[in-house]
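**Q** There's a structure below that I have some questions on.
The values are calculated or read from the model by the stated rules, or taken from the named source; none is laboratory data. Nothing here was measured: the structure is a model prediction, and the numbers come from that model. Glycine also receives a Cβ, built like all others from the backbone with ideal geometry; neighbour counts cover every protein chain displayed. Ligands, DNA and RNA are stripped out before the accessible areas are found, and what is left, the full protein with its side chains, is counted by its heavy atoms. Shrake-Rupley method; radii C 1.70, N 1.55, O 1.52, S 1.80 Å.
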Amino acid sequence: MPTTQSSESVEELKIDATSALRSADSRDQLEAWRVEYLGRKGRLTSVLRGLGSLDIEQRKVVGASANRLRAELESLFDERLQQAKSARVPAGSIDVTLPGRKPALGGLHPSTQMIREITQAFNEMGFQTIEGPEIELERYNFDMLNIPADHPARDQFDTIWVDQDSRDDILLRTHTSPMQARVMEKTDPPVRVVVPGKCYRYEATDATHEWQFNQVEGLAVDEGITFADLKGTLYEFARRIFGPSRKVRFRCDYFPFVEPGVDMSIDWNGRWIEIMGAGMVHPKVLENAGYDSDKYTGFAFGMGPERISMLRNDITDIRHFFANDLRFLTQF
Ligand code: PHE
């Protein structure tokens with residue numbers, strides 16, 4: 001049977017209506033769709049109204065399919081309306097045409113980056129990187145390093161002690177130097193190590209002091225090591241970190257575990273800025289660890305990577321490193 005004009009319209013109407021319904025996703029759009037297709041003056045209603053002009057046979061066929069379509073569209077409409085109501089993201093609030101944004105990727109902390117650069121410079125000169133405990137015994141933090149209980153140098157370190165019922169000799173290490181003693185106790189010479197890690201001091205904070213900070217310790221012990229080796233190694237380090245023409249100065253300084261002791265400064269825009277303490281390992285420290293101080297000599301050094309990073313990156317306050325502020329951290 002050839003299809004009639006009107007029943008073709010029902011088919012077309014169905015195609016139009018269902019595709020328009022699929023693309024209507026806000027409640028406003030759905031209401032507009034309902035008015036256009038199912039409303040009193042809507043397109044389906046006018047098809048039904050036009051049935052009167054058809055002959056009886058066609059009227060039956062077209063009438064039946066138009067009514068089926070109405071039922072179908074009503075139930076599709078209800079379904080879409082439910083979806084629109086329950087959608088968690090308000091319909092229309094996602095702009096799919098917005099250009100993509102970079103996902104926020106994590107990165108290495110600026111202290112970690114600096115530590116890696118420093119340890120790598122020494123690794124390339126034959127030093128091995130090792131780590132040690134942040135919770136330390138008084139024995140390693142002080143005694144083994146030639147700082148006995150009554151020694152005034154203990155006052156330089158504002159120590160954070162760990163409360164323990166059973167013992168009173170546990171602390172948060174005030175420097176990484178205890179690893180000098182730990183390494184020598186466990187290893188026969190020659191020794192060449194760098195030791196990065198966190199240290200803690202009971203200290204009021206300001207732009208250049210934190211109660212937590214990192215240090216990188218260094219230790220080289222062997223037969224025949226001299227002060228010239230210390231200077232050569234640390235000069236080379238300064239060149240690698242601060243550039244080939246960097247001026248360096250050594251001055252006498254006092255640390256109980258070295259003799260002689262020095263501090264090393266670099267020339268920074270015409271000013272001398274101290275970047276580390278260093279010296280020849282004190283014979284007592286060698287002996288305490290079981291080394292023969294007639295046979296072996298060595299040098300040690302200790303520096304603060306945050307301090308070096310502050311110089312290199314024009315950072316004016318050390319507290320930025322531990323404030324967890326992304327505006328700071330993402331600049332690295
Ligand atoms: N441990 C010293 C400090 O924290 C630094 C240092 C290390 C000095 C090794 C000499 C040798 O100040």
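**Q** Within the stretch 171-195, work out how many residues are in contact (Cβ under 8 Å) with a residue 40 or more places away in the chain, in contact with a Lys or Arg (Cβ under 9 Å, 6 or more places away or on another chain) and open to solvent by 10 Å² or more (accessible area, probe 1.4 Å).
**A** Count: 2.
**Q** So which of THR187, THR208 ends up being more than 16 Å from the ligand (Cβ to nearest atom) and of a type in the set (Val, Ile, Thr)?
**A** Only one candidate qualifies: THR187.
**Q** Check every one of the helices (runs of 4 or more DSSP H) wholly within the stretch 24-127 and list those with 1 or more residues that are over 30 Å from GLN215 (Cα atoms). Step through it out loud before you land on a result.
**A** Working: elements: 27-38, 43-49, 56-86, 110-123.
Qualifying helices (runs of 4 or more DSSP H): 27-38, 43-49, 56-86.
**Q** Oh, and also: Please determine, by comparing only the residues of the stretch 26-57 that are within 12 Å of SER9 (Cβ to Cβ) and open to solvent by less than 60 Å² (accessible area, probe 1.4 Å), which one is modelled with the highest pLDDT.
**A** LEU44
**Q** From ILE56, ILE135, ILE94, which residue is of a type in the set (Val, Ile, Thr) and touching a residue at least 24 places away in the same chain (Cβ under 8 Å)?
**A** Details: ILE56 fails: touching a residue at least 24 places away in the same chain (Cβ under 8 Å); ILE94 fails: touching a residue at least 24 places away in the same chain (Cβ under 8 Å).
Sole residue among the options that is of a type in the set (Val, Ile, Thr) and touching a residue at least 24 places away in the same chain (Cβ under 8 Å): ILE135.
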